[in-house]
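We did not get these values from a lab; they are worked out from the coordinates using the rules stated. For clarity, every value in this text was computed on a predicted model and none was experimentally measured.
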Amino acid sequence: MSSALGERQVEDGIHALAQERFGIERYWHRRLVADLPRVFERVQQHFRAVAEITGAQLYAFAQRAAHEAGWTFSGAIAGHVVGEFSHNRWPGDKELMWISAHNPASMQAPDHLGRERHWILEIHLVDRAGGLRRVLRAAAVR
């Protein structure tokens, strides 16, 4: 799109593209802009409120929060541990480094060196009708 276009023209162009490529006729982007941060905040607040929450429990909560907001949660994970690069080389079960249905461990458990772990929360939303996907990532540290 040209930089000479006004905001309304850009919005109309996005709407036309969404309709042409995905068959979307409603203004999905406004709802997404409103819902994505709300779902993220709700999941982050739950993480902070439940002292010994497991990765599997937070993942299930993220799925429910997305569903209750009218979206489908599409991520295989809802986040992961962050640390020295590359944390993928750390010893132990890699699934314990993800916020996923396969992580039964407390997210407050220390890392392999006994240090506090820090997490990135990722919210993956898909519009049920149109299939458009959006992701919001931010640090979720207690």
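Once fully extended, how much extra length lies between Glu52 and Val126, figured as 0.36 nm per residue of separation less the alpha-carbon to alpha-carbon distance? Walk me through the numbers on the way to the answer.
Details: separation 74, 0.36 × 74 = 26.64 nm, distance 2.88 nm.
Additional length available on full extension: 23.8 nm.
Gln108 to Asp93: extension gain in nm, 0.36 nm per residue of separation minus the Cα-Cα distance?
Separation in residues times 0.36 nm, less the Cα-Cα distance, equals 3.8 nm.
Could you work out how much longer the chain between Asp12 and Ala76 gets when fully extended? Use 0.36 nm per residue separation minus the Cα distance between them, nm to one decimal. Numbers along the way, then the final one.
Details: separation 64, 0.36 × 64 = 23.04 nm, distance 3.29 nm.
Full extension of this stretch gives 19.7 nm more.
Taking region 47-125, how much of its Cα-Cα pair set, in percent, is spaced more than 14 angstrom apart?
Working: 1840 of 3081 pairs.
Pairs farther apart than 14 Å: 60 percent.
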